[in-house]
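Right, one structure below, let's go through it.
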Amino acid sequence: GKLAVTATDREDALALLSATHAADAAGERVATMAMGEAGRHTRAVAPLYGSKIGYAPVHAADATAPGQYDLETLAELVGRLRSQ
């Protein structure tokens, strides 16, 4: 399943990450992300909680939703987080 929501605060982002983790722990394949500035970090962090895919435009100018990182930035963030 895919779930994309707009986060209005950190609690929304935390709820999304919690749901992602619970679904992954139950053996579900999910893709999750939060739009907006309050949820922007979930695009990089959600893979650590079990989100299987993400989306990033190649160039920031081609973003289709608020809070999207460009592909190079998102790949670097996810890679750095996974190596920790």
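The values are calculated or read from the model by the stated rules, or taken from the named source; none is laboratory data. Values in this document were obtained by computation on a predicted structure and should not be read as measured data. For neighbour counting, all protein chains shown are included, and Cβ atoms are generated from backbone atoms with ideal geometry for every residue, glycine included. We work out accessible area using only protein heavy atoms, side chains counted, and drop any ligands, DNA or RNA first. Shrake-Rupley method; radii C 1.70, N 1.55, O 1.52, S 1.80 Å.
What the table below lists for this structure:
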| read-out | value |
| --- | --- |
| P(r) of the chain over all Cα-Cα pairs, binned every 10 Å from zero, in whole percent | 20, 52, 26, 1 |
| Sulfur and carbon atoms: percent of accessible area, the chain [1.4 Å] | 55 percent |
| Rounded FRET efficiency, nearest 0.05, which uses the C-beta distance separating residue 83 from residue 59 and R0 of 22 Å | 0.30 |
| Accessible solvent surface per residue of the range 1-50, calculated while the other protein chains remain in place, 1.4 angstrom probe, Å² | 56 Å² |
| Phi-based couplings in Hz for the range 57-63 (Karplus 6.51, -1.76, 1.60; Gly and Pro marked x) | x, 4, 10, 4, 5, 9, 4 |
